[in-house]
Amino acid sequence: MGIFDFLTGEFIDVIHWVDDTRDTMVWRFEREDHEIKYGAKLTVREGQAAVFVHEGQLADTFMPGLYMLETNNMPILTTLQHWDHGFKSPFKSEIYYVSTRRFTDLKWGTKNPIMLRDPEFGPTRIRAFGTYSVKVTDPAKFLQEIVGTDGEFTMDEISFQIRNIIVQEFSRVIANSGIPVLDMAANTADLGKLVAERISDTITAYGLTLPELYIENISLPPAVEKALDERTSRGITGSLDEHFRYKAAESLDQPGSAAGQAMGMGMGAAMGMGMAGGIAGPWGTAPAAPPPPPVEHVWHIANDGETTGPFSKATLGQMAAKGEMTRDTWVWTQGQDGWKKAEDVNELAQLFTILPPPPPGS
């Protein structure tokens, strides 16, 4: 190989980047004194973009492909520096590789509870967390607005800022949605899309986009969750009396279990106290309702082959006091087996106990 071929080969440079990490967003191609040789080969792979910065000014952006760094394919850079030295004079520029792939499985969550007014629970607090993905859509803007001169920029350096933006907009969306807390689980997909749309303008100003934003969970404070669980348990078991009867019957099915026997006795005692005394026990049972009032009978009277009535017991009492009905008067009421004398009916016999006996000589 001649000396000319050797010198020419020294001026042929290969610029490329193979990312062996999962979180590097921007990487600067390093050369001593930032000297890039004229005619160098620039390789930009899929999922990458190359941004040229010359003398502090953004010169050009290259998308995936193979490029020869010459004046014919760098029109913007040509206006910044004249190429009058051919292969003999390198130019000083910086090349930043920007990863344009999608960064996935990034976490977000509410550091502090979010206050809101729930239609059912009233003022309450909730927490939420989920995942999102980020993608660089404008490499030049991302370099200008976020990266600056950082030689190796990772996802961790901007994820905190993005999380803050998500949480802020999530708080606004939830507070204004009017969706009850118990119905939020059924609307997480729509809420996630709405939050992504609301922060789109802010993220676009960074040269980024959020292709996906998921809300994995929305939770209540532990005290509210405990109260909700108790309320759900009451709904499942039905009334407390039925619940106690079920537990007592369940314990009786296990005669060999001391715990089952004790539980059965305890439940039986609780039921007895609730029904007999009407006093709330340790489980907060309400006083037993009074029994329904007895059905008042009405009576028919038979006299000389004719029937009259119906008469109430009070009316019969007045008739007995006036002598219009005696112990031998035939009476009948619904459900009675045939006609009976008034003195043979327990309910009417007491009407005659208050009457004085017949006068002497009658």
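The values are calculated or read from the model by the stated rules, or taken from the named source; none is laboratory data. Only a predicted model underlies this, so the values are computations on that prediction, with no experimental measurement involved. Positions of Cβ are backbone-derived with ideal geometry, glycine not excepted, and every protein chain shown enters the neighbour counts.
Pairing residues of segment 127-139 that are more than 18 Å from TRP27 (Cβ to Cβ) with residues that are among the aliphatic types (A, V, I, L, M) and surrounded by fewer than 19 Cβ atoms within 10 Å (Cβ to Cβ), at Cβ distances under 8 Å and at least 6 apart in sequence or on separate chains, gives ARG127/ILE114; ALA128/ILE114. Annotation: SER133 fulfils all but one of (1) polar (S, T, N, Q); (2) surrounded by fewer than 15 Cβ atoms within 10 Å (Cβ to Cβ); (3) assigned to a strand (DSSP E or B); the unmet one is (2). The criterion of at least 3 residues that are within 53 Å of the chain's Cα centre (by Cα) and modelled with pLDDT of 90 or more is met, among strands (runs of 3 or more DSSP E) falling completely within segment 12-58, by 24-29, 48-54.
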